1. Between residue 52 and residue 19, what length in nm is gained on full extension when 0.36 nm per residue of separation is reduced by their alpha carbon distance?
2. Relative to the present Cα-Cα distance, how much length would full extension add between residue 140 and residue 111 at 0.36 nm per residue of separation?
3. Cα-based Rg of region 95-140 per 2.2 N^0.38 Å, rounded to two decimals?
4. Could you order peptides 69-76, 40-47 by the average number of other Cβ atoms within 10 Å of their residues, highest first?
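Just so you know, all these numbers are worked out from the coordinates, no wet-lab data involved. Everything numeric in this text was worked out from a predicted model, so none of it was measured. We place every Cβ from the backbone using ideal geometry, glycine too, and count neighbours over all the protein chains shown.
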Amino acid sequence: MQSFVPHPRPTPKRRNLHKVPFVELFAGRLQGVVSSGSSDDRVYISLIQAGSGDFYCSTNNNRPCGGLRGGPCKHIDALVSNAVAQYGAERVCRYLGVPEVTENTWQITNQLGGDKQKVEAGEVFARFLDYLRYVELPSSTEPRPEMAWFVTG
């Protein structure tokens, strides 16, 4: 008989919830919501496809990010940086299928090797809005597994 002993996950580091309120490793992608630097009324949906390294970034109403000029934009850089704070560089790199980096998170985006591939923002944004409903629930000491992405360290 074999037994399985899970390895404890590292405690997440503090991440910037104002800049990246939502980040997750889901459906073969690193994806999330990134606040606009120029408007409080706009957010960007940024994502990276695991394996291929393909990426995309657009507003929540599907307008493409102007920073996608031949490579990942600053929103994708912020997404990766906050994902590393949340999950650790080893887990993010393993999930995306890139060699692990130890120094700077921008090295992850430099290793993607993918291209800009349009993806509708609605699915990611809907997941974010669905999770926001948990913020309005009464406080509890019981764990809510579906809120694991919200841990800030």
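1. Using 0.36 nm per residue and subtracting the Cα-Cα distance, I get 9.3 nm.
2. Gain on stretching residue 140 to residue 111: 6.3 nm.
3. This ratio for region 95-140 stands at 1.77.
4. So the order, starting with the most tightly packed, is 40-47, 69-76.
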